[in-house]
Protein chains: 2
Amino acid sequence: MTGPETNQATRVLTVRDIEGGITAPGGFRASGVWCGIKREALDLALVVADRPASAAAVFTTNRVQAAPVSVSRDHLARSAGRARAIVVNSGCANACTGDAGLDVARGMAAHTAATVGCTSEEVLVASTGVIGVPLNLSSVRAGIDRAFQALGDGHAEAARAIMTTDVAPKERAVTVEVPGGLIRVGGMAKGAGMIEPMMATMIAVVTTDALVEPSVLQEALRRAADGTFNAISVDGECSTNDCVLALASGASGVSIDAGSIDSLVQALTAVCRPLALDIVRGGEGATKLLTITVSGATSDADARRCARAIANSLLVKTAVHGGDPNWGRLLAVAGRAGVTIDPARARVVVGSAVLFSDGGPHNDREPAAADHLAGSEVAVEVDLGTGRGSSATMWTCDLSAEYVRINADYRS
Amino acid sequence: MTGPETNQATRVLTVRDIEGGITAPGGFRASGVWCGIKREALDLALVVADRPASAAAVFTTNRVQAAPVSVSRDHLARSAGRARAIVVNSGCANACTGDAGLDVARGMAAHTAATVGCTSEEVLVASTGVIGVPLNLSSVRAGIDRAFQALGDGHAEAARAIMTTDVAPKERAVTVEVPGGLIRVGGMAKGAGMIEPMMATMIAVVTTDALVEPSVLQEALRRAADGTFNAISVDGECSTNDCVLALASGASGVSIDAGSIDSLVQALTAVCRPLALDIVRGGEGATKLLTITVSGATSDADARRCARAIANSLLVKTAVHGGDPNWGRLLAVAGRAGVTIDPARARVVVGSAVLFSDGGPHNDREPAAADHLAGSEVAVEVDLGTGRGSSATMWTCDLSAEYVRINADYRS
């Protein structure tokens, strides 16, 4: 998303990839263990900050929210943005489970707090997996005990323990030279797997050793998530459990305040964007990563709305899957997206081939566009032709018959 | 759509199916011919009223509108809702064709007017087929000449001539006992076929022998379309060419005015609803007709918005395809639809099995729901739990791997 925020970032910071995932930044330990929710795979991750860390979160906007989402939101408010630990289980979403589910989520936080040595409000919880099935609290408690014993640089195990049907773990870490010095940011995410029924989809945990107040961390996380996790779509669905949780330990001693927040947004984005794109690449049945840019819009909101409509268009996603430079579908979606468009001045570009401009098609360029679409990383752009400069970028994957098979035929 | 309008209809009228399609009502002749746009199939339909008829239309809301849509809208305004003829070609949408396309659409109307003996403004035009390809006006002119020679009770040929990739022609006719006597309504439609690239989708023509002013016909058509053609979705796409055109000849002598408009809405609905459901049944790759009811909403707009979100949810449509009573997906969509919902009071019903209520699941009822979903005509209901009475109904089809194959692999 190219919004006014990112335009304000005056300098591009030096970012270097490093190993270490969520334990790359100083001040954090992590582990991943098996506690019996899944049959035979890691299913509980614990992240602990050595000292109370600044904490921030971005939650699903779905009005049906899973119990752990309600509990984490509540804890973050009560603790005024401080946390010592994050505990995440996979295999069961603890969603649509009523008051009993809320009790389990609170119990999960309380047991973590007692084990780590903090208050319940200093623990954030998340769950991912099947909706509508009770989460076994005694299994979770045993898992927390075991995870606490295992705490260390277990970023890889933690990243595995939050997977549901992801084909691979997703983690990243970077160093970023911000004005005050070098900070580290690490992250892990689980993606949009729905091979099993009713999986609640996206969860990410981000850590940093920057020294930052909770309010600044929250604002930076919101902005970073807007341009990354909130700019991807696999199938247009928004789950009951989606959340991005962030902790800042301050261990680097490098201070970031409201005046230097842009550098933190860039640093968080450096981890969140590749994680978000990994989620799309790992989308169910996906064979291609599609970058959609909408330009020439009268507002950022229009640009984003149109990009989202294209990202969720079945006809666009199937055309991309088939490698078909079907510019008419892109233009038709832009037309129905409810945004200002001037069809006489609009442009449709696939790869670098302008297939529609000045009110008419250039069908002779379709072979070049088809060549581009044969690749695994493809790009389309729609200029709405309003003569204004707002633009937005979203990422999605193609729609394959495999997606339908995964989501329709799981019982057979 | 159960809106305030239909609730106001105080009596249910007696409706009887009859043969005859669009020529069942008195005062109309029709024909369907081949003029060379398609390789070897009827591709031009002509409907002529013996005398100037009241005319009304509902057009696509897509901001990228095909040339015939612009021309018909213009003609309807200039003629103050009077028309003698409707001419429809298939095989070429005449969309995204610039000023040249507008000239062709105007030429199509002008030639029809000269042939029939009326003004250009008294002719409505529609096109359906491939986007971005020029429509050959001389072929169309020759087709109009041939169609004029063939005029008669050719409703069946006309219904065939507007097909693109529809598996079967879609037509209906009824008699309706309105307060003033017996009227007839006939209709034909072409559906959401996208087997070929960039097909512009839905077109319907409705005729009646009721005696009705254009303004009343327009209002009745709008209301009938809202509850039928605007309440269906195959894939959430809105084409550049969609339109519903209606003509009223007055041949029955039965007068309908603003005071008795509800009876005309019912009469038009009696033809439009089965045509709309035929479009869904004939949706690409469809194996099931899904009726979605959203109740307990705080407003009709909320009810409709939620029903539309469910109708366009990939996860719901794939679950229905797989016969999976996946209530969690229905609830998750209702939660993300941007409508007021009380999850603690919401209910999800599949067939007659209540799978979620009082904040918790009833997973023991899933087998009954699965039995229901094994059929070809299935129903789901989501009560948003707000305690308010607004509701809406939409119809869609399941999403199959065949849909993806049709829309992705047409080149191979």
Practice problem: Any chance you could check the Cα centroid distance between the range A:84-151 and the range B:203-266 for me, in angstrom? | Solution: 57
Quiz prompt | Residue-averaged beta-carbon neighbours from other chains (10 angstrom radius) around A:391-404 | solution = 3
Quiz item: What nm value, rounded to one decimal, do you get for the distance between B:Glu213 and B:Val167 when each label is placed 7 Å out toward the C-beta?
Solution: 4.6
Exercise. Principal axes first, then extents: for the Cα atoms of the range B:331-409, list largest minus smallest coordinate on each axis, whole Å, largest first.
Key: 46, 30, 18
Practice problem: Mind putting a number on the dipole of the range B:289-408 about its Cα centre? Charges go on the C-beta only, +1 for Lys and Arg and -1 for Asp and Glu, and I need it in Debye to the nearest 20. | Solution: 400
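B:Ile261: net charge of surrounding residues, Cβ under 9 Å, Lys/Arg +1, Asp/Glu -1, itself excluded?
-2
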Quiz item: Once the Cβ-Cβ distance between B:Ala150 and B:Asp17 is put in as r, and R0 is 41 Å, what FRET efficiency do you end up with, to the nearest 0.05?
Solution: 0.95
Quiz item: Per Stokes-Einstein, at 20 °C and 1.002 mPa s, what whole-number D in µm² s⁻¹ belongs to the range B:158-274, with the Kirkwood radius over Cα pairs as the hydrodynamic radius?
Solution: 146
Quiz item: How big is chain A in terms of Cα radius of gyration and Dmax, in angstroms?
Solution: 21.7, 68
Quiz item: Per 10 Å bin, what percent of the C-alpha pairs of the range B:228-283 does each bin hold, from zero upward?
Solution: 18, 45, 25, 12, 0
Exercise. Check every DSSP H run in chain B and write down those whose alpha carbon atoms cover 15 angstrom or more along the long axis and whose mean Kyte-Doolittle hydropathy is 0.0 or greater.
Key: B:98-116, B:137-150, B:261-281
Quiz item: Rounded, prolate or oblate: which fits the range A:257-404 when a ≥ b ≥ c are the square roots of the eigenvalues of the alpha-carbon gyration tensor, with rounded for a/c under 1.5 and prolate only if a/b beats b/c?
Solution: oblate
Quiz item: Given a Förster distance of 41 angstrom, what is the FRET efficiency for B:Ala41 paired with A:Asn136, based on the Cβ-Cβ distance and rounded to 0.05?
Solution: 0.10
Quiz item: How far apart, in nm, are two points set 7 Å out from the Cα along the Cα-to-Cβ line at B:Thr298 and at B:Glu402?
Solution: 4.2
Self-check item: Pairs of lysine residues in the protein assembly as shown - Cα separation under 22 Å, sequence separation of 8 or more or cross-chain
Solution: 13
Exercise. Give, rounded to the nearest 20 debye, the magnitude of the charge dipole that the protein assembly as shown has about its Cα centre when Lys and Arg contribute +1 at Cβ and Asp and Glu contribute -1 at Cβ.
Key: 400
Practice problem: Project the alpha carbons of the protein assembly as shown onto their principal axes and report the range along each, largest first, in whole Å. | Solution: 89, 55, 43
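From the gyration tensor of the Cα coordinates in the range B:111-214, what semi-axes in whole Å does the equivalent ellipsoid have, largest first, with each one equal to sqrt(5λ)?
On the way: eigenvalues 142, 82, 32 Å².
Sorted largest first and rounded, they come to 27, 20, 13 Å.
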Self-check item: Modelled label reach - B:Thr340, point 7 Å along Cα→Cβ, the range B:365-394 residues with backbone N closer than 14 Å
Solution: B:384-391
Self-check item: Magnitude of the charge dipole, chain B, Cβ model with Lys/Arg +1 and Asp/Glu -1, debye to 20
Solution: 420
Quiz prompt | Burial order of peptide ranges A:140-151, B:151-162 (average beta-carbon count within 10 Å, highest first) | solution = B:151-162, A:140-151
Quiz item: Of A:Ala368, A:Leu137, B:Gly117, which is farthest along the charge dipole of the protein assembly as shown in the positive direction, counting Lys and Arg as +1 and Asp and Glu as -1 at C-beta?
Solution: B:Gly117
Practice problem: Enter the mean number of other protein chain beta carbons within 10 Å of the beta carbon of each residue in A:322-330, as an integer. | Solution: 6
Self-check item: Peptide A:309-319, shielding by other chains (average Cβ, 10 Å cutoff)
Solution: 5
Quiz item: Residue farthest toward the positive end of the dipole of chain A, with Cβ of Lys/Arg at +1 and Asp/Glu at -1: which of A:Gln266, A:Ser352, A:Ser79?
Solution: A:Ser79
Exercise. Identify, among A:Ser233, A:Val58, B:Thr298, the residue whose Cα sits farthest towards the positive end of the charge dipole of the protein assembly as shown, taking +1 on the Cβ of Lys and Arg and -1 on the Cβ of Asp and Glu, with the dipole about the Cα centre.
Key: B:Thr298
Exercise. Rank the residues A:Glu177, B:Glu284 as a footprinting-exposure proxy: fewest other Cβ atoms within 10 Å of their Cβ go first.
Key: A:Glu177, B:Glu284
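Rule-based calculations on the coordinates, nothing more; no lab input. Computed from a predicted structure; not experimentally measured. Note that each Cβ is placed from the backbone with ideal geometry, even for glycine, and that neighbours are counted across all protein chains shown.
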